[in-house]
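Colleague: Below is the structure I would like to discuss, written out as structure tokens.
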Amino acid sequence: MIDIIEVCNNSASAKIALQGAHVFHYARKDEKPLLWLSEVSDFKEGKAIRGGVPICWPAFGMNNPNLPQHGFARTSMFKHVSTKDLDANTTEVILILKHSQETLTLWPYKFELELKVIVSDKLTMELSTKNIDDKTFKITQALHTYFGVSHISDAKIKGLDKKPYLDALTNEHLTQNGDIFFEEEVDRVYQEVNSEILLRDKDRTISIKNEGSSSVVVWNPWIEKGKRMSAMKDEAYNDFVCIESANAFEDFVEIKPNNSHTLKAVIA
Ligand code: TA6
């Protein structure tokens, strides 16, 4: 089993696995969870939890062929640094991952990766990368958030109109026209994103605001890919949409020695 940190305050509850500093539950008081979690997700060491907010780091996708898909952070054991009630409605949790012999073998740079989670009537996640090496390194990354929806046919995404995107299914570079609906597999990396995104569901609207990032990934596996995904029931594609706060592809981040970069997502 993986150690878990549980947070419950007057505003909301949350659960964070030490493995991957993986926020896998967040629900505001008297509301249904805002994050989707697979019913058949593993909570076994070395296996990424399916759902919640996997941390893709130090590479998004297969940007670095020497690393596993989406990097090694989501299957690495973070250390719990602190949990602090800032007030009756707000709790701050900090977790950290530092380089090790194992990570240096995969990725030859010394780093500190800190996740700060602030649980209130909003879910704030700040992923900070500090370069403690003597050479500059480049990362791509994402907070790969799985949002629960009432039904995929009810879901639509506003705020990416006119944004350029890479269609990962066809490798085409296109421009978004209007809202995003889901009637087939969608796997797109949007660039030049600098404003609020809204996920409209039947009975609620979720707001996503990012800082330190100008790329956003939108993904739903639909039927065929959904059947091929690990730790995911065949019908589960109906229940979630991934809207990922990212530094992906050309939105990569170069960090000099003793410098840091923070990717921040505020979900409300
Ligand atoms: O972010 C979208 C994506 O890259 C999809 O192509 C799909 O592979 C998804 O991530 C899940 O990847 P995972 O490694 O978690 O199975």
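The values are calculated or read from the model by the stated rules, or taken from the named source; none is laboratory data. Every value quoted in this text rests on a predicted model; they were computed, and no experiment measured them. Heads up, the Cβs are rebuilt from the backbone with ideal geometry, glycines too, and the neighbour counts pull from every protein chain shown. Please note that ligands, DNA and RNA were not included when accessible areas were found on the heavy atoms of the full protein model with its side chains. Shrake-Rupley method; radii C 1.70, N 1.55, O 1.52, S 1.80 Å.
Colleague: Computing the accessible area with a 1.4 Å probe over protein heavy atoms, can you report the carbon and sulfur percentage for the chain?
Modeller: Its accessible area is 46 percent carbon and sulfur atoms.
Colleague: Based on the Cβ-Cβ distance of GLU254 and SER153, what FRET efficiency does E = 1/(1 + (r/R0)^6) give at R0 = 51 Å, to the nearest 0.05?
Modeller: 0.80
Colleague: Amide H of VAL186: which non-local residues (sequence gap of 5 or more, or other chain) have their own amide H closer than 5 Å, using H built in the peptide plane?
Modeller: ASN220, TRP222
Colleague: Ignoring ligands, DNA and RNA, what accessible area per residue does the chain give at 1.4 Å, in Å²?
Modeller: Normalised by residue count, the accessible surface of the chain is 45 Å².
Colleague: Another question about this same structure. Within the stretch 207-268, which chymotrypsin sites (Phe, Trp or Tyr not before Pro) sit in a loop by DSSP and count at most 16 neighbouring Cβ atoms inside 10 Å?
Modeller: Of the chymotrypsin sites (Phe, Trp or Tyr not before Pro), the ones in loops of the stretch 207-268 whose Cβ has at most 16 other Cβ atoms within 10 Å are PHE252.
Colleague: Report the paramagnetic label zone for ASN10: residues of the stretch 86-106 whose backbone N is under 17 Å from a point 7 Å from Cα along the Cα-to-Cβ axis.
Modeller: 86-92
Colleague: In addition: Considering only DSSP states other than H, G, I, E and B, which GluC sites (Glu not before Pro) in the stretch 100-191 qualify as loop sites with at most 10 other Cβ atoms within 10 Å? Please list the in-between numbers first.
Modeller: Working: sites: GLU102, GLU112, GLU114, GLU126, GLU172, GLU183, GLU184, GLU185; in loops: GLU183, GLU184, GLU185.
Answer by residue number: GLU183, GLU184.
Colleague: When a/c reaches 1.5 or more, the comparison of a/b and b/c decides; with that in mind, is the chain rounded, prolate or oblate per its Cα gyration tensor?
Modeller: rounded
Colleague: Around ARG200, under 9 Å between beta carbons, what's the net of Lys plus Arg minus Asp minus Glu among the other residues?
Modeller: Result for the neighbourhood of ARG200: +1.
Colleague: GluC sites (Glu not before Pro) within the stretch 1-82: which are DSSP loop residues with at most 15 other Cβ atoms inside 10 Å?
Modeller: GLU31, GLU39, GLU45
Colleague: Let me ask something else. Relative to a virtual label point 7 Å from the Cα of SER100 in the Cα→beta-carbon direction, which members of the stretch 113-134 show backbone nitrogen distances below 15 Å?
Modeller: Flagged as within label range: 113.
Colleague: Using Cα-Cα distances under 8 Å and only pairs 6 or more residues apart, what relative contact order does the chain have, in percent?
Modeller: 19
Colleague: Then there is this: With a/c under 1.5 counting as rounded, go ahead and sort the stretch 67-218 into rounded, prolate or oblate using the C-alpha gyration tensor (a ≥ b ≥ c being the square roots of the eigenvalues; past the cut-off, prolate if a/b is larger than b/c, else oblate).
Modeller: Since a/c reaches 1.5 but b/c is at least a/b, the shape of the stretch 67-218 is classed as oblate.
Colleague: Starting from the Cα-Cα distance between THR136 and THR205, subtract it from 0.36 nm times their residue separation and give me the gain in nm to one decimal.
Modeller: 20.8 nm
Colleague: What distance in nm lies between label points placed 7 Å from Cα along the C-beta direction at ASP30 and ASP3?
Modeller: 3.6
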